Structure formats: C-alpha cells, structure tokens
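Notes for the one structure printed next.
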C-alpha cells in the first residue's frame with residue numbers, strides 16, 4: 001500500500017514537471033528555462049526535481065522517449081491479432097488510437113511544429129511510423145512494382161501532413177473525425193475516379 005502511494009506520488013510529481021516544462025517552452029526557449037522556473041511552475045521543491053533528474057535535459061528526453069513509445073504503440077494497436085491484412089479490414093477498426101495519442105499530447109505536438117527546440121522531433125515522428133511500417137506491418141507487401149520503403153515514407157508523411165493541419169485548426173476536429181478522414185484517404189481508389197481540372201474563367205491552367 002505504501003509502495004503504491006509512492007508510485008502515485010512519483011507519477012504526480014513527474015506529470016507536474018512535464019506540464020511545467022511544456023508550458024514554459026511555449027513562453028521561452030529551452031536554453032532560457034531554469035530549474036527554478038520548472039519547480040515554481042510545477043509547485044514542487046528543488047529536491048523533488050533532483051530526485052528524478054540531474055539536468056533539465058533529462059526531463060525533456062524522458063518526455064520525448066515516452067511520446068515515442070506511446071506513438072509506436074498507438075499506431076500498431078489497430079493491427080493487433082492480424083497476420084495478413086487488407087487496408088479495408090484495418091479501417092473497420094475505427095477506434096482513434098493514433099489520433100487519440102496526438103490529441104492527448106497536443107501541447108507537445110504544437111511545440112514540435114512551432115518551436116525550434118523540438119523541431120528535430122518532426123523527423124523522429126516520421127521515422128518512428130516508418131520503422132513500424134517497414135519492420136512490422138509491411139513484412140510482406142503484395143505489389144511488385146512499389147518499393148516498400150518509399151510506400152512507407154509516403155504513408156508516414158501523409159499522417160504528418162494531417163497533424164500539421166489539425167494543429168493549425170487548434171485541434172478543433174475530434175480524434176474520431178480525424179481517424180475517419182484518414183481511413184477514407186487510405187481507401188481512396190484513385191484509378192477508378194475521374195477528376196476535373198480547373199482552367200479558370202480565362203481558360204488558363
């Protein structure tokens with residue numbers, strides 16, 4: 001019982017420090033954030049900070065590592081229990097695991113898209129999804145003319161594009177709506193559709 005209480009206290013303190021860090025990063029550059037800033041914002045004492053971390057860099061690394069772990073898990077969940085699959089089978093599993101993850105961590109992702117301190121995470125985000133694709137989901141792909149790695153990159157940067165637009169809207173769409181849009185895009189049958197080009201009133205393209 002005592003151990004459980006300690007674990008709960010640890011989670012609460014770390015969550016407070018994490019939220020404090022992300023809040024401060026919206027106001028100033030990471031290099032200008034001090035330990036005093038962090039403990040004051042989190043409403044914990046310095047001893048609590050140094051109980052878990054030596055430097056503020058340790059805190060931001062822990063935040064990023066946890067996001068990567070959760071991202072990888074959220075992306076893989078809809079494929080659990082499948083061996084061979086068609087995309088339409090996966091999209092029937094409509095629970096918004098990936099977009100739930102993004103929404104729950106929207107403050108972090110907003111910083112990734114708008115702060116130079118976390119700019120590198122844009123690459124990490126895409127690489128994480130690409131690795132899941134190549135190593136786990138595309139072990140076998142039934143299309144001899146498509147390079148597996150290029151297909152994976154196309155997919156993950158498409159998701160990144162949805163994230164960018166979602167962030168621009170201040171996450172005004174629900175995770176369920178974003179999941180439905182993503183599923184419809186994945187099932188979009190290009191060869192069977194006819195498009196019309198807009199030449200404008202002057203007939204110019």
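The values are calculated or read from the model by the stated rules, or taken from the named source; none is laboratory data. Keep in mind that what you see is a predicted model, and the values were worked out from it rather than measured. All Cβ positions, even for glycine, are placed from backbone atoms using ideal geometry, and neighbour counts span all protein chains on display.
A few remarks follow.
- Boolean, residue 17 is assigned to a helix (DSSP H, G or I), closer than 30 Å to residue 182 by Cβ and not assigned by TED's automatic domain parsing to the domain that holds residue 179: no
- Looking across the stretch 98-153, the residues that are buried (at least 18 other Cβ atoms within 10 Å of the Cβ) and without any contact (Cβ under 8 Å) to a residue 24 or more places away in the chain come down to 112, 133, 152.
- Restricting attention to the stretch 28-45, the residues that are closer than 15 Å to residue 60 by Cβ and not in a helix (DSSP H, G or I) total 4.
- Filtered residue count, the stretch 43-62, keeping only those that are surrounded by 17 or more Cβ atoms within 10 Å (Cβ to Cβ) and either under 19 Å from residue 110 (Cα atoms) or within 24 Å of the chain's Cα centre (by Cα) (or both): 3
- Conditions (1) over 16 Å from residue 19 (Cα atoms); (2) not in a helix (DSSP H, G or I): number failed by residue 149: (2)
- Pairs are defined by a Cβ separation below 8 Å, a sequence spacing of at least 6 or placement on different chains, a first member in the stretch 63-81 that is outside the structural domain of residue 118 (by TED's automatic domain parsing), and a second member that is exposed (fewer than 14 other Cβ atoms within 10 Å of the Cβ); no pair meets this definition.
- When residue 161 is tested against (1) assigned to a loop (DSSP other than H, G, I, E, B); (2) surrounded by fewer than 13 Cβ atoms within 10 Å (Cβ to Cβ), just one condition goes unmet, and that condition is (1).
- Enumeration of residues in the stretch 73-89 that are surrounded by fewer than 16 Cβ atoms within 10 Å (Cβ to Cβ) and under 17 Å from residue 175 (Cα atoms): 73, 76, 77
- The residues on offer are 12, 76, and the sole one that is closer than 29 Å to residue 143 by Cβ and either within 18 Å of the chain's Cα centre (by Cα) or in a helix (DSSP H, G or I) (or both) is 76.
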